[in-house]
Amino acid sequence: MKFALYTGCVARGATKELMISTMKAARDLGIDFVEMKSAACCGAGVLSEQSPILADALNARTIAQAAKQDLDMITICSTCQGNLKKSECKLDSDAEYRDKINYVLKDGGHQYVSGKTKIKHFANILAAPEGLKLLKEKLKRPLTGLKVAAFYGCYVLRPSELSDFEDPDNPTGLEDIFSALGATPVFYDGRTKCCGFPIVMMNKEASHKMAGNALVDAIESGADVVVTGCPLCHLSLDSYQPEIDQLRQKGYSIPILHLPQLVALALGHSPRELDMHKHIVSVKELEAKLS
Amino acid sequence: MIKHDVVIVGSGLAGMRAALELCKDHDVAILSKVYPSRSHSGAAQGGIAAALGNSGDDSWQEHMFDTVKGGDYLGDQDAIEEYCKAAPRVIYELEHMGCIFSRTPEGKIAQRSFGGHSKPRACFAADRTGHSILHALHEQLLKNSKSIKIYSEWYMHSLISDGSRCAGVVVSDVRTGAMETMHAKAVIFCTGGYGRVFKITSNAFASTADGVIAAFNAGVPLEDPEFVQYHPSGLWRQGILFSEAARGEGGTLLNGDGKRFMETYAPTRMELAPRDIVSRAEQSEINEGRGIDGKDFVHLDLTHLGEAKIMERLPQIRQLGIDFIGVDCVKDLLPIQPTAHYSMGGIPTDINGQVILNHGDGKATPMEGYFAAGECACVSVHGANRLGTNSLLEAVVFGERAGRAALEYLKTAGFAPINESQEKTKVLNQVEEIYQSDGSESYNEVRTEMKETMTSLCGVYRNEENLKECISAVKDLQSRFKKGKVTDKGKLFNTELYEIMELGNMLKMAEIIATSALQRKESRGGHSRTDFPKRDDDNFLHHSLVYKNGEELEIKKRPVTITKYKPVERTY
Amino acid sequence: MSVIKIKRFNPEKRKDSYFQEFNVDLKPGTTLLDALNEIKWEQDGSLTYRMSCRSAICGSCGVKANGHATLACQKQAENLLDKNDVITVEPLGNMPVIKDLVTDFKQFWEKVDQVKPFLKNEQAPPEKERNQSPEQFKLIDDSSTCIMCGACYSDCNVLEVDDKFLGPAALAKAQRFVGDSRDEDTLERVKELSEPGGIWDCTHCGECVERCPKPAQPFYRIKEIMTVALEKGVHNNNGARHALSFTKSIKNSGLLNENTLPVESMGFTNIKGLLELVPVGLRMLLKGKVPPIIHKPCDELNDVKRIFKELDQ
């Protein structure tokens, strides 16, 4: 399996551990990722606040770059995934718009062609039957006894017509992965909700309450660890965790892992190799549970 | 006791338009058993008629002639003239208020063809025109909230009157169950229709005859109740509406043989003949075994319109088909049947919305301080059959006129005296009767049987035998109703109680419709008698007025006002 | 037989809410509303909910089915059955419950009121209609399909934690006028909508898009207001500064600069806001969890810059 890897900005910046663990997990699984180094930011749904067409043009360019290499695209961030798909959908459903954007792309040597490149989140590759089979085959350290709660990230679920999960209101893809790794999935209401990150600069209190509600829910449902497919959710749930009142009041804390970290752990890597010590919330208890 | 200068019952297009007319000078209450923006006007899809001439030449005279002919010459032509003349102005006013309309490439209000209209004069907002106007008026209501108090989710029980002057209404707050009298100098009824007496209907659950029966119980006659419109394109079995705009945009009707059967019935206008004619054609095809697979439906074919046009002009219809029957009209045929849609009859009013008690010696006697507009009223502009897009127009034009008439009346009128406890006791006794009856009859069965009876015996085609059977069955149901069993005796948001009271109203309305249908021994517009298949101008070119006479119904006549167009044979 | 499990609440009889199960034989073509009616009319007359048009236009019958807001009349019941043949029905969220499935819309309507939901145009109207091109109409076509059913409000993730948020329905209604070529108050509107509790408090969760039974889809309308607000120069708030900083960063490097974004979002003169960034910044710094100090652009940056230039940004 060979894919063009769209890393997204955050995996190159504040959550480099995501990139490190993704590459390790992919190598172990025999998946070949070609990093898209000249791709631009997906816009994160923020660029389009100012200029929808600019966001769509940059995303069309990105998708065209993968198409040029005859590769499907993999994302490792729910937000990137959602925004690329949204642009793809707009381009595919409006020929006039597509022509307009292709006219702009032409001078850079790019052309967007509908349907040529599939855009998938890494999680959806792993949660597909072949992916689960592969995980089971390569499994080195089954995560037996570990109770893992998924946190999906809005953009891979909504709008549902752009989601690759079978039932976006009640998805099981991440949980299927956890089971394949030998862990016990924990189901809780908050797993499909918003982490609050997009408004952390505008309404910090509300943002933290959203993260807090989800984490309290996960903890009280018995989870040892929360695993997310979105580095922005990770920032909200991990980096800001010490500031979240609901957790402080109850004396709770819970480690947050990126999905590729959990996968790489089960494939035999040590937490240190996966830069888990860089997380704000300590993974010491988690390590103890694993050993 | 609650006091307002004027109380408007019903918050659809007519009620809200009336409120806007009054709110600058008076303290207005507008009362609705649903929230105003949930009123059934919002379900109107296809358009609102006005001879704007934005899609080719048109004139109010042509609009008037089409309306007179469409109503099979039973409409009052003085009223129709004023109504068609006013149409362009009221549409422009709506537009200025902010109402959205689909547009021509030049930016004017777009207009399309509709059944029975000889010119494309239906102004529209895609296929949600009623919704668009309803929300525009609702916005104006919110803008004027200082002088308009909205009583949302309040139920009106009865009209307070001494027989000649109106003094208010008895109402309940659905949420708390508290009963109140609303004392008012003037009352305007805009309570809509009563399609819910039929099994197959496009009407909302709220369209239950509360207003017309309250008027009737207060001694007001009901005019032309036998004229009920069956809309040709109700979703099979459900009755949910697929707008006539679907045919206006080029949709065709096919029978079980795949034939465009309208060729047989209206060769010139085809699918765009008036609704009574198209519905009868469908029913005849079905009755003669040419429904789809011999069943009780025919097909509406939009597949040749293409996805782009459907998405621009009829997006809601497409979604309704997908949601309710799993049919995407872009690719497949929609199963439809006639559905009870609109009541041409109602509370008799003059051209200003003033309610008229009788017309003895050619002189109209009004009930002072009492006005009505919209579907609950009968002016009559629709005569024996309403043309599509004329009802939204009626609601706006006569809502405004009733508001103005009330405004004029309020210049001199004060509060009429009322006996609060007596008025409340009457209604409380009714409620108590329901609570105490503790019988064995199921209200649901009574309701279901009423609806089935009315659809099968008093539907598109009628005859003496069926109508007699219908009346007797309805009377039987009325007595079974008195022995009904109630489960919820609480005060808080007791929807069961209101449904029971609505059923009581509908049972009376069903009797009135069928009784008036029995006496009209002719076929005219929406009233079609197989035993009297011809229109009979010698004996029936008049309005029916049904009065309450104790427990009996008494039927009187009122002549039709004919000014410009003498009745001639109606063909399309 | 299928089971409809309904959350019941009647404070006249009992203080708390509870679930009650009803067995219903769901024939094909039965909507969830039909199923509720069957229960009310044949099993328990006290079951309470709102309904009217039963054709997805009046907006009365919003409920939660299997945890998500929907119009009861718009959904085929059999499509809602879970693997145990059960449909769970609850009242809409983010509103107080009055009885069973009936909720109190008071706050919902108050927020609609707050956005001044009516056309503002003080000019004397022309004799005929005000002209509006089909393209201009298209800008308000979607928002004007809103039926005020409250489904978006019910499932809004922000409202769950902050009831000061105007919420998706009121903001979609606001776009109906912000986008209307006939409205004269655009700048004033977007200024007010940029205040706390307005457009920039939307968290992009997309729940409102998912629950909306019509094309109104509030989140997209909120973004349309944001675009207008930015265009009109309403920049003095964190949301706008965040968007501008984001765009600037991509323009300069093709990628997001995580070092400048938080500071620029808060605004250089916003001392309180900047101080709020210190704890999380320090925590991350101490863990070595920081983006490179020198922000590295994407390859082929010139092409990105060219696209920005061609699209006039």
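The values are calculated or read from the model by the stated rules, or taken from the named source; none is laboratory data. These figures come from a predicted structure and were not determined experimentally. In this analysis, Cβ positions are derived from the backbone assuming ideal geometry, glycine residues included, and neighbour counts consider all displayed protein chains. Quick note on the areas: whole protein, heavy atoms, side chains included, nothing else; ligands and nucleic acids left out. Shrake-Rupley method; radii C 1.70, N 1.55, O 1.52, S 1.80 Å.
Would you mention how many residues in the stretch C:71-86 are surrounded by fewer than 24 Cβ atoms within 10 Å (Cβ to Cβ) and in a strand (DSSP E or B)?
Qualifying residue count, the stretch C:71-86: 2.
Quick one: count up the residues across the stretch B:329-367 that are at pLDDT below 95 and touching a Lys or Arg at 6+ places or on another chain (Cβ under 8 Å).
2
Which condition does residue B:277 not pass, out of (1) part of a helix (DSSP H, G or I); (2) open to solvent by less than 20 Å² (accessible area, probe 1.4 Å), if it passes all the others?
So the condition that residue B:277 fails would be (2).
Can you give me the number of residues within the stretch C:278-313 that are surrounded by 16 or more Cβ atoms within 10 Å (Cβ to Cβ), of a type in the set (A, V, I, L, M, F, W, C), at pLDDT 90 or above and more than 30 Å from residue A:108 (Cβ to Cβ)?
Total satisfying the criteria: 2.
Can you report the number of residues in the stretch C:134-146 which are facing chain B (nearest Cβ under 7 Å) and open to solvent by less than 30 Å² (accessible area, probe 1.4 Å)?
Qualifying residue count, the stretch C:134-146: 4.
May I ask you to say which residue of A:211, A:223 is away from chain C (no Cβ under 12 Å) and over 14 Å from the mean Cα position of the chain (by Cα)? Explain how you work it out, then say what you get.
Values: A:211 fails: away from chain C (no Cβ under 12 Å).
The match here is A:223.
Take residue B:492 and decide whether it is among the hydrophobic types (A, V, I, L, M, F, W, C), within 14 Å of another protein chain (Cβ to nearest Cβ), in contact (Cβ under 8 Å) with a residue 12 or more places away in the chain and not in a helix (DSSP H, G or I). Don't jump to the end; show me each part of the working.
Numbers: among the hydrophobic types (A, V, I, L, M, F, W, C): yes; within 14 Å of another protein chain (Cβ to nearest Cβ): yes; in contact (Cβ under 8 Å) with a residue 12 or more places away in the chain: yes; not in a helix (DSSP H, G or I): yes.
Taking the combined requirement at face value, the residue satisfies it.
I'd like the full set of residues that are touching a Cys at 6+ places or on another chain (Cβ under 9 Å), surrounded by fewer than 24 Cβ atoms within 10 Å (Cβ to Cβ) and without any contact (Cβ under 8 Å) to a residue 40 or more places away in the chain, limited to the stretch C:210-243.
Listed by number, the list holds a single entry, C:223.
Report every pair of residues separated by at least 6 positions or lying on different chains whose Cβ atoms are under 6 Å apart, first residue within the stretch B:51-78 and farther than 14 Å from residue B:388 by Cα and free of Cβ contacts under 8 Å to residues at least 24 places away in the same chain, second of a type in the set (Gly, Ala, Ser) and in a loop (DSSP other than H, G, I, E, B).
Taking only residues 6 or more apart or on different chains, the pairs are B:59/B:51.
Check off (1) more than 14 Å from chain C (Cβ to nearest Cβ); (2) surrounded by fewer than 23 Cβ atoms within 10 Å (Cβ to Cβ); (3) at pLDDT 95 or above for residue B:176 and give me the number that stays unchecked.
(1)
In the stretch A:1-36, how many are part of a loop (DSSP other than H, G, I, E, B) and within 27 Å of residue C:204 (Cβ to Cβ)?
The initial filter retains those residues of the stretch A:1-36 that are part of a loop (DSSP other than H, G, I, E, B), namely A:1, A:7-15, A:30-31, A:36.
Right, trim to within 27 Å of residue C:204 (Cβ to Cβ) and you get A:7-15, A:36.
Matching residues across the stretch A:1-36 total 10.
Name the single residue, out of those in the stretch C:164-205 being within 10 Å of another protein chain (Cβ to nearest Cβ) and of a type in the set (D, E, K, R), that is surrounded by the fewest Cβ atoms within 10 Å (Cβ to Cβ).
C:164
When residues of the stretch A:133-158 are filtered for being buried (at least 20 other Cβ atoms within 10 Å of the Cβ) and not small (Gly, Ala, Ser), how many remain?
First, pick out the residues of the stretch A:133-158 that are buried (at least 20 other Cβ atoms within 10 Å of the Cβ): A:135, A:143, A:146, A:148-158.
Next cut, not small (Gly, Ala, Ser) only: A:135, A:143, A:146, A:148, A:151-152, A:154-158.
Summing the residues that are buried (at least 20 other Cβ atoms within 10 Å of the Cβ) and not small (Gly, Ala, Ser) in the stretch A:133-158 gives 11.
Failed condition for residue A:45, given (1) touching a residue at least 60 places away in the same chain (Cβ under 8 Å); (2) open to solvent by 10 Å² or more (accessible area, probe 1.4 Å); (3) of a type in the set (Gly, Ala, Ser); (4) within 11 Å of another protein chain (Cβ to nearest Cβ), with all others met?
Of everything listed in (1) touching a residue at least 60 places away in the same chain (Cβ under 8 Å); (2) open to solvent by 10 Å² or more (accessible area, probe 1.4 Å); (3) of a type in the set (Gly, Ala, Ser); (4) within 11 Å of another protein chain (Cβ to nearest Cβ), residue A:45 misses just condition (2).
Across the stretch A:213-238, what is the number of residues that are buried (at least 24 other Cβ atoms within 10 Å of the Cβ) and free of Cβ contacts under 8 Å to residues at least 60 places away in the same chain?
The qualifying residues number 3.
Quick one: in the stretch B:236-252, which of the residues that are out of contact with any Cys (no Cβ under 9 Å at 6 or more places or on another chain), in contact (Cβ under 8 Å) with a residue 60 or more places away in the chain and within 13 Å of residue B:298 (Cβ to Cβ) is farthest from the other protein chains (Cβ to nearest Cβ)?
Only one residue fits best here, namely B:247.
Yes/no per residue for (1) open to solvent by less than 50 Å² (accessible area, probe 1.4 Å); (2) in a helix (DSSP H, G or I):
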| site | (1), (2) |
| --- | --- |
| B:352 | no, no |
| B:368 | no, no |
| B:384 | yes, no |
| B:392 | yes, yes |
| B:399 | yes, yes |
| B:404 | no, yes |
| B:421 | no, yes |
| B:425 | no, yes |
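Give the residues of the stretch B:293-348 that are β-branched (Val, Ile, Thr) and open to solvent by less than 10 Å² (accessible area, probe 1.4 Å), sorted by residue number.
Start the filter on the stretch B:293-348 by keeping residues that are β-branched (Val, Ile, Thr), which leaves B:298, B:303, B:310, B:317, B:322, B:325, B:327, B:330, B:336, B:339, B:347.
Selection gives B:298, B:310, B:317, B:336, B:339, B:347.
Can you tell me which of A:89, A:80 is buried (at least 20 other Cβ atoms within 10 Å of the Cβ), under 20 Å from the mean Cα position of the chain (by Cα), at pLDDT 95 or above and within 14 Å of chain C (Cβ to nearest Cβ)? Talk me through it step by step, then tell me what you get.
Details: A:89 fails: buried (at least 20 other Cβ atoms within 10 Å of the Cβ).
None of the others qualify; the one that does is A:80.
If residue A:29 passes every condition in (1) open to solvent by 10 Å² or more (accessible area, probe 1.4 Å); (2) out of contact with any strand residue (DSSP E or B) (no Cβ under 7 Å at 6 or more places or on another chain); (3) more than 11 Å from chain C (Cβ to nearest Cβ) but one, which one does it miss?
(1)
Of everything in the stretch A:268-277, what is surrounded by 20 or more Cβ atoms within 10 Å (Cβ to Cβ) and in contact with a Lys or Arg (Cβ under 6 Å, 6 or more places away or on another chain)? Give them in sequence order.
A:269
Restricting the search to the stretch A:48-77, which residues are under 18 Å from the mean Cα position of the chain (by Cα) and either open to solvent by 10 Å² or more (accessible area, probe 1.4 Å) or facing another protein chain (nearest Cβ under 9 Å) (or both)?
Across the stretch A:48-77, the qualifying residue is only A:72.
Assess whether residue B:55 counts as being more than 13 Å from chain C (Cβ to nearest Cβ) and farther than 30 Å from residue B:537 by Cα. Break it down stepwise before answering.
Values: more than 13 Å from chain C (Cβ to nearest Cβ): yes; farther than 30 Å from residue B:537 by Cα: yes.
In short, yes.
What are the pairs with Cβ atoms under 8 angstrom where one residue, in the stretch B:434-448, is on the phi > 0 side of the Ramachandran plot and the other, located anywhere, is open to solvent by 40 Å² or more (accessible area, probe 1.4 Å)? Sequence gap at least six, or different chains.
B:438/B:485
Looking at (1) within 9 Å of another protein chain (Cβ to nearest Cβ); (2) more than 15 Å from the chain's Cα centre (by Cα), which is the only condition residue A:140 fails?
It fails just one condition, (1).
When you scan the stretch C:281-313, how many residues do you find that are more than 9 Å from every other protein chain (Cβ to nearest Cβ) and in contact (Cβ under 8 Å) with a residue 60 or more places away in the chain?
Here the count works out to 0.
Consider the stretch A:188-199. How many of its residues are in contact with a strand residue (DSSP E or B) (Cβ under 8 Å, 6 or more places away or on another chain) and assigned to a loop (DSSP other than H, G, I, E, B)? Lay out the reasoning, then the answer.
Going through the stretch A:188-199, the residues in contact with a strand residue (DSSP E or B) (Cβ under 8 Å, 6 or more places away or on another chain) turn out to be A:188, A:190-191, A:195.
In the following step, the residues that additionally are assigned to a loop (DSSP other than H, G, I, E, B) were identified as A:188, A:195.
Number satisfying all stated conditions: 2.
If you take the residues in the stretch B:80-100 that are crowded, with 24+ Cβ neighbours inside 10 Å and closer than 30 Å to residue B:520 by Cα, which one is farthest from the other protein chains (Cβ to nearest Cβ)?
Top of the filtered list is B:80.
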